[in-house]
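No value in this document is a laboratory result; all are computed from the given coordinates. Since the model is a prediction, treat every value here as computed from it, not as a measurement. Ideal geometry is used to build each Cβ from the backbone, glycine not excepted, and the neighbour counts take in all protein chains shown.
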Amino acid sequence: PAEDEARIDEIKRLLEERNAVLVAHYYTDDAIQQLAEETGGCVADSLEMARFGARHEAATLVVAGVRFMGETAKILSPEKRVLMPTLEATCSLDIGCPADAFAAFCDQHPERTVVVYANTSAAVKARADWVVTSSIAVDVIEHLQARGEKILWAPDKHLGGYIQHKTGADMLLWDGACIVHDEFKAKGINDLKALYPDAAVLVHPESPAPVVEIADVVGSTSQLINAARELPQQRLIVATDRGIFFKMQQAVPGKTLFEAPTAGNGATCKSCAHCPWMAMNALDNLAGALRDYSGEVFVDDALRLEALKPLERMLNFQR
Ligand code: 13P
Ligand code: SF4
């Protein structure tokens, strides 16, 4: 539509005027991902978003994603202005792990190394020894396990359970879940596989264990896109937010991609997965953030310094 074109032009102009770069997650709208790509920004998983923002020389980072991604950018680059299209875009994992209850949980288990998923508030990160994203979670836990450490893990019980199963590490799990991935059902995916037995199943590890069990590949959003490229199969069933299809289809233009059904009772996609908070990012509020610096992210200084330590450990971690 013409008004979208006008907004896109305005955003491009403002990005230049403000010396700003757009960092977008794969789950945001296609138009936002396209803009990030066209303007020298990046479209990435949460670890790559953090790395890109920390290294980029722009004075302003515009983070299109959810709140923890903007906070992470600010913690890593306090000298930069960090803007988000909306500060209301949260995450069910973040909501389900309040800092005070989490601190009490940690206090009860002082002998354990505290590892938290990136999908948490700055206050929860401040209490952690390590922050990880789904792309390096297994590697970090293997490393800690080899040092004989017992783990306290939060907040995603599915990702935690998957890592525990894969590594055999001693992990105490917080009881949190992603409301989007929690909806995938193995039955729906198996029904689709019955129709297309040659299809490969790609799953984000925030999905429940029965779904992870039937996966050919389990990985972060970037890892799933890479797998789509590398797998020999021409049909792919993908269990993660539908936003990923924009870049995944570009990566494999000749392959057929299926959204894993969330209903569990049919082979067709009756209600597909889409994160309500990622969906809050739009061209209008993105332009607004750049125009009047609304949606600026601030992190309390003392908290920032505490949260920086486990985040830097994550960024410096080599397999
Ligand atoms: P990735 O690190 O795989 O991009 O995951 C972030 C996320 O919020 C998935 O729901
Ligand atoms: Fe959080 Fe799930 Fe949305 Fe990712 S998809 S931001 S984990 S609610």
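Before moving on, here are some points about what is shown:
- Cleavage-rule hits (trypsin sites (Lys or Arg not before Pro)) in the stretch 106-212: DSSP loop, at most 14 neighbouring Cβ within 10 angstrom: Arg147, Lys150
- Distant-in-sequence amide H partners of Asp156 (H built 1.01 Å from N, under 5 Å): Tyr117
- Residues in the stretch 189-220 reached by a label modelled at Arg319 [backbone nitrogen below 14 Å; 7 Å Cα→Cβ]: 218-220
- Of the residues Leu257, Thr39, Ile151, the one whose Cα sits farthest toward the positive end of the charge dipole of the chain, with +1 on the Cβ of Lys and Arg and -1 on the Cβ of Asp and Glu, is Ile151.
- Inter-site label distance for Glu17 and Asp170 at 7 Å from Cα along Cβ, in nm: 5.9 nm
- In straight-distance terms, cross-link reach from Lys255 covers every one of the aspartates and glutamates whose alpha-carbon lies under 13 Å from its own, apart from those fewer than eight places away in the same chain; here that gives Asp198, Glu230.
- Here is the list for the stretch 55-132: GluC sites (Glu not before Pro) lying in DSSP coil, each with at most 14 other C-beta atoms within 10 angstrom of its C-beta, are Glu57, Glu79, Glu88, Glu111.
- Partner lysines whose Cα lies under 22 Å from the Cα of Lys74, excluding those fewer than 8 positions away in the same chain, are identified as Lys125, Lys309.
- Trp277 sits among other residues whose Cβ lies under 10 Å from its own Cβ, and their net charge, with Lys and Arg +1 and Asp and Glu -1, is -1.
- Convex hull volume per residue for the chain, taking Cα atoms only, in Å³: 130 Å³
- The spacing between the stretch 1-59 and the stretch 182-257, judged by their C-alpha centroids, is 26 Å.
- HN-Hα J in Hz across the stretch 209-215 - Karplus 6.51, -1.76, 1.60, θ = phi - 60°, x for Gly and Pro: 3, x, 6, 4, 4, 9, 7
- Given their separation in residues at 0.36 nm each and the Cα-Cα distance between them, Val252 and Ala146 gain 34.4 nm when the chain is fully extended.
- Extension gain, Asp107-Ala302: 0.36 nm per intervening residue step, less the Cα-Cα distance, totals 68.2 nm.
- For the stretch 163-319, radius of gyration divided by Kirkwood radius, i.e. Rg to Rh on alpha-carbons: 1.03
- 3J(HN,Hα) from dihedral phi, the stretch 247-259, Karplus parametrisation 6.51/-1.76/1.60, rounded to Hz, x for glycine, proline: 7, 5, 5, 4, 6, 10, x, x, 9, 9, 9, 10, 7
- Between Arg229 and Ala194, the modelled labels are 3.6 nm apart [label points 7 Å from Cα along Cα→Cβ].
- Highest GNM mean-square fluctuation among Val138, Val252, Val212, for the chain modelled with Cα contacts below 10 Å: Val252.
- Here the chain is assigned +1 on the Cβ of each Lys and Arg and -1 on the Cβ of each Asp and Glu. Its dipole about the Cα centre then comes out at about 640 debye.
- Mean sequence separation of contacting Cα pairs (under 8 Å, at least six apart), scaled by the length of the chain, corresponds to a relative contact order of 23 percent.
- Shape of the stretch 181-259, Cα gyration tensor, a/c cut at 1.5: oblate
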